[in-house]
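Reviewing the structure listed below.
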Ligand SMILES: [Zn+2]
């Protein structure tokens, strides 16, 4: 009979954000989420790296869209409010620019250094 242990990982699936469980069956390790996404340790790290990049790009887009939204709604706010909103949008554009620098510096996990054979 094969011995299997399961350990909840306090992080979420990079594909669906569901809870992850590390499943150890004798010498084999796999990580599975609640809906069934299945990873090897190296595959999880690689997919998580891709998720990090996508998440930052989504934040860049959301921050950059702030100025577009302010202008789209300009006719519906007072001139004072519009001035304030435009200043806030400029600040958000600056934050987006900083995140663009972050995402360009991102490096994926280097698997050869992080994944060891299981015992
Ligand atoms: Zn999943």
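Readers should treat all values here as calculations from the given coordinates under stated rules, not as data from a laboratory. Everything quoted here is computed from the prediction, not taken from an experiment. A quick note on method: Cβ atoms are made from the backbone with ideal geometry, for glycine too, and the neighbour counts reach across all protein chains shown.
With labels modelled as points extended 7 Å from the Cα through the Cβ direction, what inter-label distance (nm, one decimal) is found for residue 34 paired with residue 102?
Spacing of the two 7 Å Cα→Cβ label points: 2.6 nm.
For the Cα atoms of the chain, what angle does the longest principal axis make with the long axis of helix 79-105, in degrees from 0 to 90, nearest 10?
Compared with the principal axis, the helix lies near 30 degrees.
Quick one: if you stick a label point 7 Å off each Cα along the C-beta vector at residue 110 and residue 2, how many nm between them?
3.4 nm
Could you tell me how many degrees, from 0 to 90 and to the nearest 10, lie between the Cα long axis of helix 41-72 and the main elongation axis, the longest principal axis, of the Cα atoms of the chain?
10 degrees
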